[in-house]
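For reference, the structure discussed in these notes is given below.
Taken together, the values in this text are just the output of simple stated rules run on the coordinates, not laboratory data. Note that the structure is predicted; figures quoted are calculated from it, not measured. Neighbour counts are summed over all protein chains in view; Cβ atoms, including those assigned to glycine, are modelled from backbone coordinates with ideal geometry.
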Amino acid sequence: MGRTVIVGDVHGCRDELDALLDKVTFTTGDKLVFVGDLIARGPDSLGVLDIARRTGAVIVRGNHEDKLLAWYAASQGRIRASRKMKEEGLGRMHTVIAYALREVDWSLMQTSPLYYELPEHGACVVHAGVLPGAPLAEQDWSTLMHIRCVTARGEASEEKGPKGGKLWGSAYRGGDVGGPHIVFGHNALPEPQFHSWATGIDTACVYGGRLTAMVLAAGQPIPRGRDAEALLVSQPARRLHFDWTRKTKVA
């Protein structure tokens, strides 16, 4: 049985993804899992999807995939009006991607689960995280793709920093109550997040940071807290791809 390689938010950074897979010597027999947000903001979303397809990877659905899938479903007339997204509501960046995506890309994204359990590692991969105290099966789909913090009232918040409350991972008890260790992305930070029962691996590649992977040997459990750092491998961004302050791609 091969290893499990879990990769953080790629956001179209194909060159960095290629380099990272080379660095971890990804090979046939290994399982590749993405935390979501393979697309948008970076230079080559289609190239990243090609890699995912070629490797047989599991793609956990991120908020960027979900946004495009909602638009696609609305354009096909298959969902209720309450969730319809008009073309102009996508914004220029997502509209460009929407019209560039091929049918095989839409099919790949449509098969993406909201979370992916890895019982052999006592883990589960989620794009953004979970609301502490609620079982996975009862988590709201929006929470799984958007949460960053938990408010003082115990509600999910997408706000960053103190304004949003405390990081959800710091409040999640996981294995203490029979839940899995959560590996997640979405909340881009310069360094990984290390919590007792959760590890965040979005290290802001598209913003000039790093692309990070967690590499697990067959059946290996994830150590608690900072001990999980030994499992991480990172590839520095080749350049700044997206200027967050201006919310624009960097040519």
If you take the beta carbon distance between Leu46 and Gln76 as r and set R0 to 22 Å, what does 1/(1 + (r/R0)^6) give as a FRET efficiency, to the nearest 0.05? 0.60
Taking a label point 7 Å from the Cα of Ala218 along the Cα→Cβ vector, which residues of the range 121-151 have an amide N closer than 19 Å to it? 121-123
Classify the range 120-216 from the C-alpha gyration tensor, please: rounded if a/c falls under 1.5, else prolate or oblate depending on whether a/b exceeds b/c. oblate
Cross-link list Lys31/Lys247; Lys23/Lys160; Lys31/Lys249; Lys23/Lys166; Lys160/Lys249: which exceed 29 angstrom alpha carbon to alpha carbon? Lys31/Lys247; Lys23/Lys160; Lys31/Lys249; Lys23/Lys166
Excluding Ser157 itself, what net charge comes from residues whose Cβ is under 10 Å from its Cβ, given Lys and Arg +1 and Asp and Glu -1? +2
Taking amide hydrogens as modeled 1.01 Å from N in the peptide plane, which residues meet the under 5 Å criterion relative to Ala204, leaving out close sequence neighbours? Leu189, Arg210
Where labels lie 7 Å past Cα in the beta-carbon direction, separation of Arg102 and Ala137 in nm: 3.9 nm
Over the Cα atoms of the range 4-244, what is the Rg over Rh ratio if Rh follows Kirkwood? 0.95
Give the residue from Val150, Val104, Gln139 lying farthest towards the positive end of the charge dipole for the range 102-162; charges sit on Cβ (+1 for Lys and Arg, -1 for Asp and Glu) and the dipole is referred to the Cα centre. Val150
Kindly rank 103-114, 122-133 from highest to lowest mean number of other beta carbons found within 10 Å of each residue. 122-133, 103-114
